[in-house]
1. Mind listing just one residue for me: the one in segment 81-95 that is touching a residue at least 40 places away in the same chain (Cβ under 8 Å) and farther than 28 Å from Arg325 by Cβ and, of those, farthest from ligand 2 (Cβ to nearest atom)?
2. What residue, of Ala290, Ala251, is of a type in the set (Gly, Ala, Ser) and touching a Lys or Arg at 6+ places or on another chain (Cβ under 6 Å)?
3. In segment 14-23, which residue that is surrounded by 23 or more Cβ atoms within 10 Å (Cβ to Cβ) and not acidic (Asp, Glu) is farthest from ligand 1 (Cβ to nearest atom)?
4. In segment 271-315, what residues are farther than 20 Å from Ala357 by Cβ, more than 16 Å from ligand 1 (Cβ to nearest atom) and in contact (Cβ under 8 Å) with a residue 12 or more places away in the chain?
5. Just to be sure I understand the filter: pairs with C-beta atoms under 7 Å, separated by 6 or more residues or on different chains, first member in segment 141-168 and of a type in the set (S, T, N, Q), second member assigned to a loop (DSSP other than H, G, I, E, B). Which pairs pass?
6. Kindly provide the set of residues from segment 72-122 that are on the phi > 0 side of the Ramachandran plot and within 14 Å of ligand 1 (Cβ to nearest atom), ordered by number.
7. Within 16 Å of ligand 2 (Cβ to nearest atom) and in contact with a Ser or Thr (Cβ under 9 Å, 6 or more places away or on another chain), is that true of Leu114?
Amino acid sequence: MAAQQSFAIASIPGDGIGGEVIDAGLQVLDAVAELSGGALEFRVTEFPWSSAYYREHGRYIPEGGLEELRRHDAIYFGAVGSPEVPDHVSLWGLRLAITQPFDQWANIRPVTFLPGVTSPLRKADDVELDWIVVRENSEGEYAGLGGRNLSGRGPGEEVAVQTSLHTEKGCERIIRFAFDLARTRQVAKVSSVTKSNAQQHGMVLWDEVFARVKEDYPDVETERVLVDAMSAKFVLHPEQLSVVVASNLHADILSDLGSALAGSLGIAASANLNPERRFPSMFEPVHGSAPDITGRGIANPIGAIASAALMLDHLGLPAEADAVRAAIEATTASGILPLDLGGQADTRQLTQAIVEALRNSW
Ligand code: ATP
Ligand code: MG
């Protein structure tokens, strides 16, 4: 039977455990295709762009690479980062070299609490917790503006400047995105995070845009919280959160905090979206390349598999995405846990268990 819906997926395993967890996610996608009985097909093309590739070729993405990527429906990304390449070189060489030209300006990072996983949050047992961090992904503190050696004086007197760029359009589109997302959730609430007491230009512009946009969403509850206070709130009152929207840097930090509160960085998923769909969007676990555990087969694949679920959502397959999330939950609920969550299952065993749970529930 010919596949009724066929999707072209570009996979970029990248560095370290990237390959191990992407492989796990692709096994789950294979199972989804198989269980669909031929209704779905995922045509996966792997791109070997990594820090090893960079060391050989002097660049992460070859000439024409982006045009090739652009012909895909979605990008499935592992991680980039290697002890042999400075972090800012690898990050700008591969990850940001895709998110920027493909205008993936919305980065969503759900904070998900899994059954059977102990959270350091003392309230985790008695309250249902799940919230989404919406990260401005195109400008802000990661705009790449500034420079070194600005004093013109010698060593010991160097001055470096790192400028944050906030545009009214950039603020408005991410804030609207957060409000639209909030409307799809059980609790329609948006928390806007800034540091506008201390950063009086860009962050104040953000606040002003937020105040204006919220007028269009009278049905959505709102609050404004400074980033330092929000860090405390993540720990002390997470039950009050639904959608948290913040700048590039603030949301980056808050989402790591969120995933640690949920149990481990290894379970956190993310989507880098080009909401206009002019370019493919990119799906990746929040964690990095984890060189300390690379090659041992013990990486937690849940973040990557949950990112594949976000990819299914984006491809217009929400039922399949929910089935994958339910399979993850059924697996952790049954006590099959990876090492970073205090269990014994290695990457292969955990992936097999999730695939099994998917088959059982299909
Ligand atoms: P990068 O430079 O790519 O960000 P990193 O080592 O600085 O890499 P992470 O890769 O995010 O940062 O790792 C931080 C810590 O969390 C490491 O100790 C790593 O082993 C652990 N870790 C991250 N991801 C996983 C995972 N999927 N499974 C198990 N442990 C993980
Ligand atoms: Mg790192």
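The values are calculated or read from the model by the stated rules, or taken from the named source; none is laboratory data. Small disclaimer: the values here were computed from a predicted structure and weren't measured. Cβ sites come from the backbone with ideal geometry, for glycine too, and all protein chains shown count toward neighbours.
1. Among residues in segment 81-95 that are touching a residue at least 40 places away in the same chain (Cβ under 8 Å) and farther than 28 Å from Arg325 by Cβ, the one farthest from ligand 2 (Cβ to nearest atom) is Trp92.
2. Testing whether each residue is of a type in the set (Gly, Ala, Ser) and touching a Lys or Arg at 6+ places or on another chain (Cβ under 6 Å) leaves just Ala251.
3. If we take residues in segment 14-23 being surrounded by 23 or more Cβ atoms within 10 Å (Cβ to Cβ) and not acidic (Asp, Glu), then Ile22 is farthest from ligand 1 (Cβ to nearest atom).
4. Once the filter is applied, which keeps residues that are farther than 20 Å from Ala357 by Cβ, more than 16 Å from ligand 1 (Cβ to nearest atom) and in contact (Cβ under 8 Å) with a residue 12 or more places away in the chain, segment 271-315 yields Ala271, Leu273, Asn274, Pro275, Glu276, Arg278, Phe279, Pro280, Ser281, His314, Leu315.
5. Matching pairs, first to second residue: Asn149/Glu158; Ser151/Glu157; Ser151/Glu158; Ser151/Val159; Thr167/Glu139.
6. Gly81
7. no
One line per residue, one yes/no per condition, for (1) among the aromatic types (Phe, Trp, Tyr); (2) within 27 Å of Leu121 (Cβ to Cβ); (3) modelled with pLDDT under 95:
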| residue | (1), (2), (3) |
| --- | --- |
| Ile175 | no, no, no |
| Ala182 | no, yes, no |
| Ser191 | no, yes, no |
| Lys195 | no, yes, no |
| Ala198 | no, no, yes |
| Trp206 | yes, no, no |
| Val209 | no, no, no |
| Val213 | no, no, no |
| Leu226 | no, yes, no |
